Amino acid sequence: MPRIRFTNLFAERIGGVSAVDVQAATIETALRALTDQHPSLMPLVWAKDGALNPVMVLFLNDRQLGAAEIGTPVGPGDEIDIVPALEGG
Amino acid sequence: MRTSFNGSHSDPRAVAYARATINLASRDVRIEDVPCRNLEDVLGGFGRSFQILAERTITHAFTPDNPLIINTGALTASNVMTGLRTYFSAYSPLKVSNKGLPAAMWSAGSCKFGPKLKWTGLDEVILEGRADVPVYLVIRHSEAGPQISFEPANDLLGLTCHEKIMWLRDRYADAHFAAIGPAGEHYEDCFMAAVALSTENQLRSGDDKCRWAGRGGMGAVMGYKRVLAIVAQAPDRITKLKPEIRDINKAASTGPGSRKFREKDKGGLGGTWSNYEPLEKFHFVPQNNFRPTGDGKPELMFRDHVQPDFVVKAESCFRCGINCHKNVYEKNADGTRGAFLAKFDYEPVDLLSTNIGIHDPRKAATLISLVDRLGMDNISVGTTISYVMDYNERHPDAPILNGARFGDFDKARELVEGAATGKFPEVGRGVKRLSESLGETGYAMHCKGLEFPAYQPDTNPGYPWAIAGGHMSMATYMALALEGNTSLDYWASLITGRGLLFVRDDLLGLCKFAGVTADHAVEGLKHEIGFEVTSAELLAAVRRSFMRALWLERKQGYDRSDYTLPSEVFDRPNANLGVPPFVTREFFSQLSDRVWAVFDREIDEIAKT
């Protein structure tokens, strides 16, 4: 199963969990599975129009992806990071 | 810290910390082990220092009774990566209630001064009273315990922060330094003076690369006390890295929590400077005194736009693998790295360029570097200058000070110099006082006397409840861009819940940029100092500390009138923002009711303890 890892911004909403394994064939379905499992993450992951939140950035196994690559296939052992493009001061 | 556990490893009373109390007037020094009273004492930082400040009655920041507390967190000098924080706490000259009383404040800085202080054998230093002549303090490790001496500081007078540090470097081996600049020496006219902390890179390269305890005028308090610098001299005492800590550090340096601050070729997003791009999508980048115009000019300061003409090198604090410092250098004709210009972070870049109508990276670097050399908080000085320019735009026939208007680099530079040297005390004393003296407070961008960082107040109704500066002590400043939620429920919940827990690392001694999880922080405490606490207990202590800070504000005369936003946020909504204005007077009034309904109860509980 691919694993989705995220920052404290996400973790603090779901009891401190900082990574979740999901059954999915693409990054998009992995993120849908994540937010199905943890609805409190919906507003962070998805924009109101259902697209990826425009201030979130995706990484697949350390490679940064463009928003258009959300359909990229994933498999067991893959690591997806979802990271806010806004942080710090 | 000294521990004497007898069975339970969770009893704060089994932990003692080493404190030096230095009476600057009498030159008496008392060094003692102080037993912890509660978990906040164990954790350190402002969790401990604010309990000390709470015991004092202080009506003016510049009095001998106002202590300057220099302390560390439980994980400062530990093997947990970014455990480098030093905290400076005092009643602030800048953060004041509408009744005119100074508020308790802390400011944190990174790099090796904190660890060196700890390696002298001290966890905390309290500077009491005031020296009769300018001095610098030398704190040395010795086999018999920490040794503290007073040294005459005549040779340091008038030097910049960097020059002071270089002077000390040449005389004290194996040491690190905290220093004030000309701004701190002119404390009566510059309440926004900061404390510079030396870095390994700086001592090695000779480049002006300090780190800062910038906010709230802690450098002004140090200047009042006539302490121009502090030397912490001790051999490094790095212990063997435990596997559990190695795992925490690996997660911090390669995990998602620090991606934002790492370089793109290290799987990162390029540092805080890169906040420009996502914020500009919504026209949330402050322009012309926090009045975005939508004209696209913020793009001129995007890293991708600036980088081709310079060399940007990612550098780091001691033993930190994140490399969040984005240092900008001249680019030689052959493309190699030339002279160091300035460290580019989002805050100073915006507040000393875009927000004062300057869109030139070289000019931004000049101003950032100048503010650093003079030893001021770049947020406070940038935001006060933007007010001056705004005022002058509104009053072209009766401008103030040097008549600076948006985009006027030479006059901006003059205001910076004048703020630090007493020529322009109107700037140096901050935007709250300046705007009140002019009778135009509606566009003075501050809450409670602390100038806003580079995030729009019309996107952040949480600002008033930040306890030590608008962004690093209340995590609401990016929420609108992140989630787009403008409901009352959301904001009340955010401010009273997750938002305030952002100050967790201001007790622990860690840097927020590492993104250490609460579980990892707990593991760090267990393996580095042997103290066992649950994540829930840790966060409860953080929350109590926050409530204690609000109680301290109440003690200093703060009431509901202090917890508000500049009136133009309500009365002059900006249609250029990418989100319809939502912070109306009605919204804010209802939000205040909701927030205080939660906080008042908890503050009352704290008041009983």
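What follows draws every value from the coordinates through simple rules; no lab data is involved. All values derive from a computational prediction rather than experimental measurement. So basically every Cβ, Gly included, is an ideal-geometry build from the backbone, and we count neighbours across all protein chains shown.
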query: Quick one: if you stick a label point 7 Å off each Cα along the C-beta vector at B:Asp600 and B:Val133, how many nm between them?
result: 5.5 nm
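Got a sec? How would B:Ser369, B:Ser380, B:Ser110 order by Cβ neighbour count within 10 Å, fewest to most? The partial results should precede the final answer.
Values: B:Ser369 19, B:Ser380 34, B:Ser110 27.
So the residues, fewest neighbours to most, are B:Ser369, B:Ser110, B:Ser380.
Provide the net charge surrounding A:Leu41, with neighbours chosen by a C-beta distance below 12 Å and charges set as Lys +1, Arg +1, Asp -1, Glu -1.
Values: positive: A:Arg13, A:Arg32; negative: A:Glu12, A:Asp36, B:Glu483.
With Lys, Arg at +1 and Asp, Glu at -1, the neighbours total -1.
Once the other residues with Cβ under 9 Å from the Cβ of B:Ser353 are scored (Lys, Arg +1; Asp, Glu -1), what is the net sum?
Working: positive: B:Lys363; negative: B:Asp350, B:Asp360.
Neighbour charge sum, excluding B:Ser353 itself: -1.
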query: With each run of n ≥ 4 DSSP H residues scored as -39500 (n - 2.57), what mean residue ellipticity at 222 nm is computed for chain B after dividing by its residue count and rounding to the nearest 500 deg cm²/dmol?
result: -10000 deg cm²/dmol
Sites B:Lys331 and A:Asp21 - FRET efficiency at Förster radius 45 Å, r taken between beta-carbons, to 0.05: 0.50
task: Return the inverse of the average 1/r over all pairs of distinct C-alpha atoms in chain A, which is the Kirkwood hydrodynamic radius, in Å to one decimal.
output: 12.9 Å
message: With an 8 Å Cα cut-off and a minimum separation of 6 or more residues, compute the relative contact order for segment A:3-84 in percent.
response: 35 percent
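Averaging sequence separations of C-alpha pairs under 8 Å and six or more residues apart, then dividing by the length of segment B:11-66, give the relative contact order as a whole percent.
Details: 55 pairs, mean separation 15.4, N = 56.
Taking the mean separation of contacting Cα pairs over the length of segment B:11-66, I get 28 percent.
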message: Take B:Val579 and B:Ser493, extend 7 Å from each Cα along the Cα→Cβ direction, and tell me the distance between the two endpoints in nm.
response: 1.5 nm
message: Need one number: nm distance between label points at A:Met1 and B:Arg572, each 7 Å from Cα along Cα→Cβ, rounded to one decimal.
response: 5.5 nm
message: Multiplying the sequence separation of B:Thr239 and B:Asp397 by 0.36 nm and subtracting their Cα-Cα distance, what value in nm do you get?
response: 50.4 nm
message: As a footprinting exposure proxy, order B:Cys324, B:Cys36 by other Cβ within 10 Å, with the fewest listed first.
response: B:Cys36, B:Cys324
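Tally Lys/Arg at +1 and Asp/Glu at -1 over every other residue whose Cβ is under 10 Å from the Cβ of B:Lys209; what's the total? Show your work: numbers first, answer last.
On the way: positive: B:Arg204, B:Arg211, B:Lys343; negative: B:Glu200, B:Asp207, B:Asp208, B:Glu315, B:Asp372.
Summing Lys and Arg as +1 and Asp and Glu as -1 gives -2.
Could you list B:Cys317, B:Cys161, B:Cys111 in order of exposure, starting from the residue whose Cβ has the fewest other Cβ atoms within 10 Å? Don't jump to the answer; show the numbers that get you there.
Numbers: B:Cys317 24, B:Cys161 31, B:Cys111 27.
Ascending number of Cβ neighbours within 10 Å: B:Cys317, B:Cys111, B:Cys161.
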field: For the protein assembly as shown: span of alpha carbons on each principal axis (Å, largest first)
entry: 74, 71, 63
Size of charge dipole - segment B:1-75 - debye, nearest 20, with Cβ of Lys, Arg +1 and Asp, Glu -1, no other charges: 80 debye
statement: segment B:335-379 scanned against label point 7 Å out from B:Lys313 along Cα→C-beta; backbone N under 14 Å for B:335-344
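Apply the a/c threshold of 1.5 to the C-alpha gyration tensor of segment B:183-280 and tell me whether it is rounded, prolate or oblate.
Verdict is oblate for segment B:183-280.
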message: Loop only by DSSP, 13 or fewer other Cβ within 10 Å of the Cβ. Give me the trypsin sites (Lys or Arg not before Pro) in segment B:460-533 that pass, ordered by residue number.
response: none
- request: Return the lysines within reach of B:Lys411: Cα separation strictly under 29 angstrom, same-chain partners fewer than 8 residues apart disregarded; answer none if there are no such residues.
  value: B:Lys95, B:Lys164, B:Lys209, B:Lys297, B:Lys326, B:Lys331, B:Lys343, B:Lys363, B:Lys423, B:Lys432, B:Lys448
message: Relative contact order for chain B: what percent, with Cα pairs under 8 Å and sequence separation of 6 or more?
response: 16 percent
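As an exercise, take the mean of 1/r over every pair of distinct alpha carbons in segment B:49-90, invert it, and state the Kirkwood radius in angstroms.
11.8 Å
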Unit charges on C-beta of K, R, D, E only; dipole of segment B:339-420, Debye: 160 debye
task: Please grab the % of Cα pairs in segment B:80-143 that end up more than 15 Å from each other.
output: 66 percent
task: Report the charge-dipole magnitude of segment A:3-84 in Debye, nearest 20, computed about the Cα centre from +1 at each Lys and Arg Cβ and -1 at each Asp and Glu Cβ.
output: 140 debye
task: Would you compute, from DSSP H runs of 4+ residues alone, the mean residue ellipticity of chain A at 222 nm, taking -39500 (n - 2.57) per run and dividing by the full residue count, rounded to the nearest 500?
output: -5000 deg cm²/dmol
Two-site FRET efficiency, B:Glu436 against B:Ala144, from Cβ-Cβ distance with R₀ of 51 Å, rounded to 0.05: 0.45
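Under the classification rounded if a/c is under 1.5, otherwise prolate if a/b is larger than b/c and oblate if not, where does chain B fall, given a ≥ b ≥ c as square roots of the Cα gyration tensor eigenvalues?
Values: a/c = 1.32, a/b = 1.21, b/c = 1.09.
Cα axes put chain B in the rounded bin.
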